[in-house]
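None of the figures in this text is laboratory data; all of them are computed from the coordinates on show. Just so it is clear, the model here is predicted, and its values are computed rather than measured. For neighbour counting, all protein chains shown are included, and Cβ atoms are generated from backbone atoms with ideal geometry for every residue, glycine included.
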Amino acid sequence: MSAASSAIDPAQRTQRQAEVVQALSPLLPTGALLWRDEALVPYECDGLTAYRQLPLAVALPADETQLAAVLKACHDLAVPIVARGAGTGLSGGATPHGLGVTVSLARFNRILSIDPLARTARVQSGVRNLAISEAAAAHGLYYAPDPSSQIACTIGGNVAENAGGVHCLKYGLTLHNVLQVKGYTVAGEPITFGSEALDSAGFDLLALFIGSEGMLGVATEITVRLTPKPQVARCIMASFDDMRKAGNAVADIIAAAIIPAGLEMMDKPMTAAVEDFVHAGYDLTAEAILLCEADGTEAEVADEIERMLDVLRAAGATRLEVSADEAQRLRFWSGRKNAFPASGRISPDYLCMDSTIPRKRLADMLLAITEMESTYGLRCANVFHAGDGNLHPLILFDANDPDQFDRAERFGAEILETSVALGGTVTGEHGVGLEKLNSMCVQFSPDERAQFLAVKAAFDPQGLLNPGKVIPTLQRCAEHGKMHVHHGLLPFADIPRF
Ligand SMILES: Cc1cc2nc3c(=O)[nH]c(=O)nc-3n(C[C@H](O)[C@H](O)[C@H](O)COP(=O)(O)OP(=O)(O)OC[C@H]3O[C@@H](n4cnc5c(N)ncnc54)[C@H](O)[C@@H]3O)c2cc1C
């Protein structure tokens, strides 16, 4: 950490690395097993760059035979495995294990088929999110979930994180747009979740797998739904002189039975940072701006835009601008979608939080964050998937100053705990990974965490897939002060720990 580097005995690492290289080398073509430190550095972290750790090795299988053999070999050696897509995750989900192997799916990058009649695409898990829409465009179709990282992130990573995006309010998250996932178990056995039909017999293990953060299996092939491209889309930029009014306007739009194609919010510091970067035409005087999009036929869009304008006026908007053409609409969105990189212009580092709260509490949360800025002596720029109540406060800090890093982490933890107190949850779409382990102790009871661990153990009895992520150990929660320890003994002492 490097926040993640636990003390690893160098002699143990060297010996374990030799065993792994000896076992995996014969299974992979030349150049597909990396183990020298300089070759491992590009894999030392994901988008949560404050946490860094070199793995023992990185395997880059190119087909399922190679992948299955790598998994089986690691399983036989009891070596931890971390699957990796593009490494854009923001919660440390793809942070390597210091005594483990990172398995990159980068070479699983083929679009296998597009079926315009069924409106589905079958793709390998390392295919980039945007590449699916590009391939489907010829049929007037696209893949609707659109994380802002869609130019780079993989569909396998999207499945593992149940990724969302600015248009998921209307079209659903990854979960709602995936029909089937094929992959391999930790032991290298093939496994299929879901089917190409709308429903499958038995328990819905597809829903269990989506969002499981690389803890239950390694996905290799995914069948997604494709959506017809809307005839037209138009976006309103609404300015507000008060955060509370902007927050209330979001709730008012949904209460008016409108489900916009996108409903996003940015506060003044975020708007300023973004405008400087992409020149989207945002109102720099506003305390908050909302982007409200309607899509559909000309008539549907005209009607919905009028209804949203009425609600926004009644909610106290100080300026309303409707995109005049497609270029302006895309400019409005380019600002929002570049919010994270734009933050790099105003701060050397940022921690991007990702909690979700009931929409009607948006304003309360924003005011609480303003108070936290004073408490921790750090600035915070805010961008939200406001329609979903999904917050992305970006806490700005300098990682070269350990005290600032510590304050940023505590600031982030307080945002997550406040979200739970307001009736929300500690993650909306970025996952728990390493980052939110302590917050899981706050949100879930010991019984609930025991159930999570039991599910994990059913798929991965030795706890080799992405260990140390997502489900906090009992010990960790006890140390976090959220669990009562009786006479030095933890409850549920007999359940598996990873
Ligand atoms: C600038 C920026 C903007 C972003 N915007 C959004 C956004 O709008 N919405 C959103 O939801 N996220 C967003 N993210 C976060 C990130 O892009 C998503 O979480 C994305 O789904 C991660 O995909 P990836 O391929 O990079 O996965 P990785 O980061 O490589 O991995 C993420 C997790 O998935 C697991 N995994 C990866 N591939 C597989 C596989 N084939 N099988 C099993 N497990 C696997 C990993 O072990 C890890 O736990 C953003 C990130 C950045 C940097």
Just want to confirm a number: the relative contact order over the range 131-229, from Cα pairs under 8 angstrom separated by 6+ residues, in percent. 34
Percent antiparallel among DSSP beta bridges (both partners in the chain, rounded to 5): 90
Within the range 51-171, percent of DSSP bridges classed antiparallel, to nearest 5: 40
Can you pull a Stokes-Einstein diffusion coefficient for the chain at 37 °C (0.692 mPa s), Rh from Kirkwood over Cα pairs, as a whole number of µm²/s? 139
At the level of C-alpha centres, the distance separating the range 434-471 and the range 115-133, in angstrom, is 31
Here are some pairs, LYS337/LYS360; LYS268/LYS436; LYS170/LYS469; LYS72/LYS182; which of them have Cα atoms lying more than 19 Å apart in this structure? LYS337/LYS360; LYS268/LYS436; LYS170/LYS469
List every residue whose amide H lies under 5 Å from the amide H of VAL178, counting only residues 5 or more places away in sequence or on a different chain, with H placed 1.01 Å from N in the peptide plane. ARG225
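How much of the DSSP beta bridge set in the range 10-104 is antiparallel, as a percent to the nearest 5?
Counting DSSP beta bridges with both partners in the range 10-104, the antiparallel share is about 20 percent.
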Amide hydrogen neighbours beyond the local backbone of THR120, cut-off 5 Å, H modeled: ASP115, LEU226
Express in whole angstrom the spacing between the alpha-carbon centres of the range 145-186 and the range 254-327. 25
Residues with amide H under 5 Å of LYS229's amide H, sequence separation 5 or more or different chain, H placed in the peptide plane at 1.01 Å from N; which? LEU141, TYR142
Long-range alpha-carbon pairs in the range 232-340, meaning those over 23 Å apart, account in percent for 20
Placing +1 on each Lys and Arg Cβ and -1 on each Asp and Glu Cβ in the chain, then taking the dipole about the Cα centre, the residue among ALA413, LEU434, TYR376 whose Cα reaches farthest towards the positive end is LEU434
Mean Cβ-within-10 Å packing, highest first, puts peptides 354-366, 199-211 in the order 354-366, 199-211
Could you go through the range 239-252 in sequence order and give the Karplus-derived ³J(HN,Hα) for each residue, using 6.51 cos²θ - 1.76 cosθ + 1.60 with θ = phi - 60°, rounded to whole Hz, and x for Gly and Pro? 9, 9, 8, 8, 4, 5, 5, 5, x, 5, 4, 4, 4, 5
